[in-house]
Amino acid sequence: MEAVGPSWDPFDTVYVGGGTPSVLSPEEWETLLSSVRRYFLLAPGTEITVETNPADLDLSYLRALRENGVNRLNVGV
């Protein structure tokens with residue numbers, strides 16, 4: 001991210017998917033999304049989507065995602 005981030009135009013979408021990123025802990029999400037914000041320009045209102053497995057979700061996990069800026073879920077069924 002550090003190497004290429006400054007060369008990109010602002011993003012309006014961040015999608016974290018493929019595999020099961022919902023196995024990441026809330027602390028790992030904080031680290032990942034903080035790095036995205038540090039190295040890339042995000043447009044106001046950027047959609048931040050996380051692909052999830054329903055079995056990995058509970059209220060505290062969902063709150064942690066929201067606190068880290070996630071505003072959309074892609075729920076595998």
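The values are calculated or read from the model by the stated rules, or taken from the named source; none is laboratory data. What you are looking at is a predicted structure, and each value in this text was computed from that prediction instead of being measured. Positions of Cβ are generated from backbone atoms using ideal geometry, with glycine treated the same way; all protein chains shown enter the neighbour counts. Keep in mind that these areas ignore ligands, DNA and RNA; they rest on the heavy atoms of the full protein, side chains included. Shrake-Rupley method; radii C 1.70, N 1.55, O 1.52, S 1.80 Å.
A count restricted to the stretch 1-28 and to residues that are of a type in the set (Phe, Trp, Tyr) and modelled with pLDDT under 95 stands at 2.
If only residues of the stretch 1-27 that are surrounded by 12 or more Cβ atoms within 10 Å (Cβ to Cβ), in a helix (DSSP H, G or I) and not polar (S, T, N, Q) are counted, the one that is nearest to the chain's Cα centre (by Cα) is 21. Assessment of the stretch 29-42 against the conditions (among the hydroxyl-bearing types (Ser, Thr, Tyr), within 11 Å of the chain's Cα centre (by Cα) and assigned to a strand (DSSP E or B)) yields no matching residue. Here residue 55 fulfils each of the conditions (1) over 14 Å from the mean Cα position of the chain (by Cα); (2) closer than 23 Å to residue 77 by Cα; (3) not in a helix (DSSP H, G or I) apart from (3). Residues that are open to solvent by 40 Å² or more (accessible area, probe 1.4 Å) and among the polar types (S, T, N, Q) were ranked within the stretch 63-77; the one that is nearest to residue 1 (Cα to Cα) is 71. Please find, within the stretch 35-52, the residue that is most open to solvent (accessible area, probe 1.4 Å) out of those that are among the hydroxyl-bearing types (Ser, Thr, Tyr) and farther than 15 Å from residue 71 by Cα. Restricting to residues being among the hydroxyl-bearing types (Ser, Thr, Tyr) and farther than 15 Å from residue 71 by Cα, the top hit is 39.
When you scan the stretch 45-62, do you find a residue that is within 16 Å of residue 1 (Cα to Cα) and of a type in the set (Ser, Thr, Tyr), even just one?
Step one: of the stretch 45-62, the residues within 16 Å of residue 1 (Cα to Cα) are none.
No: zero hits.
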